[in-house]
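A short worksheet on the structure shown next.
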Amino acid sequence: SIYGINNPYFGQNSSPFNSLEEMASEYVKLVLAYQKNGSYKLGGWSFGGLVALEMARQLREKNKHVEIVILIDTYHPHFIKRDDD
């Protein structure tokens, strides 16, 4: 089965998430509500890739098996070269 998680606050002026880690933690709770055990395959597009990577870290911290994490067009803002730098 494939499940998609979308930020319910996307496009709004504010978000209840104070960090990427907090967002991933909420998404991990959703994943575990649907599938408590087993192998997890995670993926994310753009910023969602960073969320998926953090979800994998948190799942592994809970001794859950993460088989694969797929990042599609994902980048880390720290590594972006700006013209004004």
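Assorted remarks:
- Note on K36 and S15: their simple-model spin labels are 3.1 nm apart, each label 7 Å out from Cα toward Cβ.
- Rounded to the nearest 20 debye, dipole of region 1-74 from Cβ charges on Lys, Arg, Asp, Glu: 300
- Maximal additional length on extending the E61-S25 stretch stands at 11.8 nm, based on 0.36 nm per residue less the C-alpha distance.
- Of G48, G11, G38, the one that fluctuates the most in a GNM where the chain has Cα springs shorter than 10 Å: G11
- Amide hydrogen neighbours beyond the local backbone of T74, cut-off 5 Å, H modeled: S46
- Acute angle (nearest 10 degrees) that the helix 20-34 long axis makes with the longest principal axis of the chain, alpha-carbon atoms: 30
- Taking the charge dipole of region 1-80 about its Cα centre, with +1 at Lys and Arg Cβ atoms and -1 at Asp and Glu Cβ atoms, the residue from Y34, L71, N18 reaching farthest to the positive side is Y34.
- Helix 47-61 axis, angle to the chain major axis (alpha carbon atoms, nearest 10°): 40
- Overall size of region 7-52 from C-alpha positions, given as principal axis extents largest first: 37, 20, 16 Å.
- Label reach from D73 (point 7 Å along Cα→C-beta): in region 27-53, amide nitrogens under 15 Å belong to 44-50.
- Cleavage-rule hits, trypsin sites (Lys or Arg not before Pro), region 1-62, DSSP coil, Cβ neighbours within 10 Å at most 14: K36, K62
Coordinate-derived values only; no laboratory data. No experiment lies behind these values; they were computed from the predicted model shown. Glycine also receives a Cβ, built like all others from the backbone with ideal geometry; neighbour counts cover every protein chain displayed.
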